[in-house]
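Asks: Have a look at the structure that comes next, please.
Read-outs: derived from the displayed coordinates by stated rules, not from any lab. None of the values given here were measured: they were computed from a predicted structure. FYI the Cβ positions are ideal-geometry reconstructions off the backbone, even for glycines, and counts take in every protein chain you see.
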Amino acid sequence: MDFLRPASWEEALAAKAEHPTAVPIAGGTDVMVEINFDHRRPEYLLDLNRVGELHEWEAGEDSVRLGASVPYAKIMEHLRAELPGLALASHTVASPQIRNRGGVGGNLGTASPAGDAHPALLAAGAEVEAESAARGARRIPIDDFYTGVKRNALAPDELIRAVHVKKADGPQQYSKVGTRNAMVIAVCAFGLALHPETRTVRTGIGSAAPTPVRARAAEEFLNAALQEGGFWDNGKVITPSVAKQFAQLCSAACNPIDDVRGTAGYRRHAVGVMARRTLTWTWESYRGARNASKGAA
């Protein structure tokens, strides 16, 4: 196994172009586990730790550009207000040591359906910035990024440079089922984001299908129900029937399997429970902020 260690982004792209099978490694929290258990033996490892820009983030007026190697601990510490759903997901990632090393780029590169960041990124409507030496940079919408079990839309010569996430314009939530709150692979996970500016809701489901997925039918139902009932304007409590239907549609969006962590039936049930709870939490937060702003006015 050869170890490639570029000192800049340009050198990293050149190395990836010359060795398309090279496996990128930054935090190493997924790759090294596979290597240590002899599940993977790549010909080349591409160490990105000396590429400083991958560890940086930039908060613009409307969005955050998050370097692929920004560790979860930094997201929790510095981006809780801008990216609340992702910050909540970061809290559930493994141990403090892993949260200080692992980043969103690794989750995306591995593309495991159980990756903790995926539901939050789907709910927020993120874009993945990928680049190759030959074709330059492009942005891949998160909805198009996951192509199969542990497969993504990256070309063989591309590397993930950053993730672009719009700043939250409304409440976001994240929920995960496991034997513990962290230090565990998710049995299933659910992310929800309210977008009051567009009066839409987005979801993200993890570890309950071959890839991370959105519950699109549930979103369409809830968007219509909120609009028809005037909920965005009147700030009323969402009715139990609406919450129940939303939860059922989220369960129906799952395509899980039975494995050592849980059965398919349990996963569908748990996703429905998380969908109902996160909808209640986010909507109550939206109502509270809306009523507070009206009172201040």
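Asks: Taking the alpha-carbon centroid of each part, what is the distance from segment 243-297 to segment 10-40 in angstrom?
Replies: 36 Å
Asks: Fewest to most neighbouring Cβ within 10 Å: what's the order for Glu61, Glu18, Glu127?
Replies: Glu61, Glu18, Glu127
Asks: Moving on. Per DSSP H run of n ≥ 4, the term is -39500 (n - 2.57); total these for the chain, divide by its residue number, and report the mean residue ellipticity at 222 nm rounded to 500 deg cm²/dmol.
Replies: Rounded to the nearest 500, the figure is -11500 deg cm²/dmol.
Asks: Distance in nm between label sites at Asn100 and Glu56, each 7 Å beyond Cα in the beta-carbon direction?
Replies: Here the modelled spin labels are 2.4 nm apart.
Asks: Step through the residues of segment 133-142 one at a time and calculate ³J(HN,Hα) from phi using the Karplus curve (6.51 cos²θ - 1.76 cosθ + 1.60, θ = phi - 60°), rounding each to whole Hz and writing x for Gly and Pro.
Replies: For segment 133-142, the Karplus curve yields 5, 7, 10, x, 9, 8, 10, 10, x, 4 Hz.
Asks: Let's see if you can work this out: charge +1 on each Lys and Arg Cβ, -1 on each Asp and Glu Cβ, no other charges. What is the dipole magnitude of the chain about its Cα centre, in debye to the nearest 20?
Replies: Charge dipole of the chain: 1180 debye, to the nearest 20.
Asks: Still on this structure: For Ser90, what is the net charge nearby, where nearby means another residue's Cβ is under 12 Å from its Cβ and Lys, Arg count +1, Asp, Glu -1?
Replies: +2
Asks: Computed FRET efficiency, Cβ-Cβ of Glu10 and Val33, R0 30 Å: what is it to the nearest 0.05?
Replies: Step by step, r from the Cβ atoms, then E = 0.50.
Asks: I would also like to ask the following. Please report the net charge: other residues with Cβ closer than 15 Å to the Cβ of Asn291, K and R +1, D and E -1.
Replies: +2
Asks: Still on this structure: PRE reach from Asp259 (point 7 Å along Cα→Cβ): which of segment 192-214 fall under 18 Å by backbone N?
Replies: Only 205-214 fall inside the zone, counting backbone N under 18 Å.
Asks: Which residue fluctuates the most in the chain, going by a Gaussian network model with Cα springs under 10 Å, if the choices are Gly109, Gly230, Gly125?
Replies: Ranking Gly109, Gly230, Gly125 by mean-square fluctuation puts Gly230 first.
Asks: Considering only Asp233, Asp38, Asp62, give the residue with the highest GNM mean-square fluctuation for the chain, with springs between Cα atoms whenever their separation is below 10 Å.
Replies: Asp38
Asks: How many lysine pairs are close in the chain, with Cα atoms under 26 Å apart and the two 8 or more places apart or on different chains?
Replies: So the count of such lysine pairs works out to 15.
Asks: Another one. Quick one: what are the phi-derived ³J(HN,Hα) couplings along segment 219-226, Karplus 6.51/-1.76/1.60 with θ = phi - 60°, whole Hz, x for glycine and proline?
Replies: These are the phi-based 3J(HN,Hα) values: 4, 4, 4, 5, 4, 5, 5, 5 Hz.
Asks: Read phi for every residue in segment 67-73 and hand back ³J(HN,Hα) as whole Hz from Karplus 6.51 cos²θ - 1.76 cosθ + 1.60, θ = phi - 60°, with x for Gly and Pro.
Replies: Along segment 67-73, the couplings run x, 4, 9, 4, x, 4, 4 Hz.
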